[in-house]
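Undergrad: The structure is given below, and queries will be raised subsequently.
The values are calculated or read from the model by the stated rules, or taken from the named source; none is laboratory data. None of these values were measured; they are calculated from a predicted model. Heads up, the Cβs are rebuilt from the backbone with ideal geometry, glycines too, and the neighbour counts pull from every protein chain shown. SASA here: full protein model, heavy atoms, side chains in, ligands and nucleic acids out. Shrake-Rupley method; radii C 1.70, N 1.55, O 1.52, S 1.80 Å.
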Number of protein chains: 2
Amino acid sequence: MNAAPTTLPTEPALTSYLLRHADDSLVHGQRLCEWVARAPRIEDDVALLNIALDHIGHARTLLTTVGEREGRGRSEDDLAFGRSEMEFSNARVFELPNGDFGQTVAKLVCIALWETELFGAWAASDEAVLAEFGSGAERECRYHLKYATTWAARLAGGTQESAERLEKGFAAVWPHLGELLVIDSLVTDLADVGVIPDHARVGAAWTARLYAELAGLGLALPELVAPAGPQGRQGNHLESFTSLLAEMQYLHRAHPGATW
Amino acid sequence: MNAAPTTLPTEPALTSYLLRHADDSLVHGQRLCEWVARAPRIEDDVALLNIALDHIGHARTLLTTVGEREGRGRSEDDLAFGRSEMEFSNARVFELPNGDFGQTVAKLVCIALWETELFGAWAASDEAVLAEFGSGAERECRYHLKYATTWAARLAGGTQESAERLEKGFAAVWPHLGELLVIDSLVTDLADVGVIPDHARVGAAWTARLYAELAGLGLALPELVAPAGPQGRQGNHLESFTSLLAEMQYLHRAHPGATW
């Protein structure tokens, strides 16, 4: 990052856009950390923690960029720990409780597919901040996808119970996926001037791969549609988000400005 | 690892020795995971989780080796999740609760110094299983040591409160360090035939570096001595170890033999 980044004519829209995706990664990473010592095998404990750490790493990069671009002197920590629930703009699927291992695998499949499509599109973009982040993040998310789809196939082809849990997992995640297809004015404005990729194409590529993945697992679920009302992107979060934030922000808020 | 490892004349002593250090790493990693979303900055959250993951990685390697060598068909998961408290042979300092950040930094300094000395000695040993593991683990522990000593210097030279917390942290860890200097018959027998390094030398090198580190921080603590009675290595653990194990083993014990 440059110390004094160029302010584009598209500011502050691009910064808001980056913050959305920083929040997606931060909240997803935080949720996955709850699997510490909870996974069925040490190997999966380690794998889930590594996926969580990758996402917290993504969040750190994006939050630092956001802080620099908005020019109000906010650090990654200020942005992570100092905002209230309504100021978080992550989509709801990222904050969704993990559920059992089947549901976590289902969630990981959906999210990793979304991220590889989105970050792949970022990587191909002309906007330097997206291109640089996107190429690294996409590579990591491909590994997460491989892990998630390998487990999904194993559960689908395992016992009757494992197949049922996976199916229930996808059913639980499904109602929260449509939000990723919402194209609001922020996205339209930025895409119109070519700063960000066309989200309609990203969404179409994502859903096509998602339906194909489900078909391969012998599952069928209704077509995804973008919801009409305000959801996570507008600060309207699930009830369970309150305790996630409380957990994440407790120490920092109990000792405001603590530097050690 | 070979599918059918050579059984040395020193078996089962070497396997018991490996298990001790596997338990040290497993329990240390598990404790550090409790810092998830608890560290003062996201950066430290990530650093502590990475140190935890490195240790769980060390434990996995050593537990798998132990399982192969003992030839009773136990996997890393059986060994991690299927043993009772008295069967864990980690030294007590590894299971010590984290305390505040100052205490965790103090604990990390002491342990990372110990590990770099021990694993460095393993790396130079003629026993292949120790040499192979030791060289990789020592390299990682050098990074942990750098992180811990950097923070220790920052806390010692920070505010009055941070210096006091660090000092209290070392004072809290101190009574549990002497166990690492115990040289029992298992160690003596293996060292006598040259299978493991001389622990008296490892201990002397460790305490010398530890006292020098403390002096650099402006701290003075009494000389460490090996305790007389049975401690963690003999399965005699701190009271707080019960809840650590319960947390770690809960899922596996609730669903014995669950493979997903």
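Undergrad: If you take the charge dipole of the protein assembly as shown about its Cα centre, with +1 on Lys and Arg Cβ and -1 on Asp and Glu Cβ, which of A:TRP35, A:LEU181, A:GLY157 is farthest toward its positive end?
TA: Looking along the dipole axis, the top candidate is A:TRP35.
Undergrad: Now a separate question. Could you check how much of the accessible area of the protein assembly as shown is carbon and sulfur, as a whole percent, using a 1.4 Å probe?
TA: Of all accessible area on the protein assembly as shown, carbon and sulfur atoms account for 53 percent.
Undergrad: As a test of the definition: with a 1.4 Å probe, what buried accessible area, both sides summed, do you compute for B against A, in Å² to the nearest 100?
TA: 3200 Å²
Undergrad: Can you compute the helix-only [θ] at 222 nm over chain B? Use -39500 (n - 2.57) per DSSP H run of at least 4 residues, normalise by all residues, nearest 500 deg cm²/dmol.
TA: The helix-only estimate for chain B comes to -21500 deg cm²/dmol at 222 nm.
Undergrad: With each pseudo-label sitting 7 Å past Cα toward Cβ, what's the B:GLU11-B:SER240 distance in nm, one decimal?
TA: Going from the B:GLU11 label point to the B:SER240 one covers 3.8 nm.
Undergrad: Taking R0 as 30 Å, what's the FRET efficiency between A:ALA208 and A:THR188 from their Cβ-Cβ distance, rounded to 0.05?
TA: 0.85
Undergrad: Rank A:GLY134, A:ALA220, B:ALA212 by how far each Cα sits towards the positive end of the charge dipole of the protein assembly as shown (+1 on Lys, Arg Cβ; -1 on Asp, Glu Cβ) and give me just the farthest.
TA: After comparing all options, I get A:ALA220.
Undergrad: In Å², what does the accessible area per residue of the range A:8-254 work out to with a 1.4 Å probe?
TA: On a per-residue basis, the range A:8-254 sits at 39 Å².
Undergrad: Taking a cut-off of 22 Å between Cα atoms, list the lysines near A:LYS107, but don't count ones fewer than 8 places away on the same chain.
TA: Qualifying lysines at Cα under 22 Å: A:LYS146, A:LYS168.
Undergrad: In addition: Treating the angle as unsigned and between 0 and 90°, give the value, to the nearest 10°, between the Cα long axis of helix A:241-254 and the longest Cα principal axis of chain A.
TA: 50 degrees
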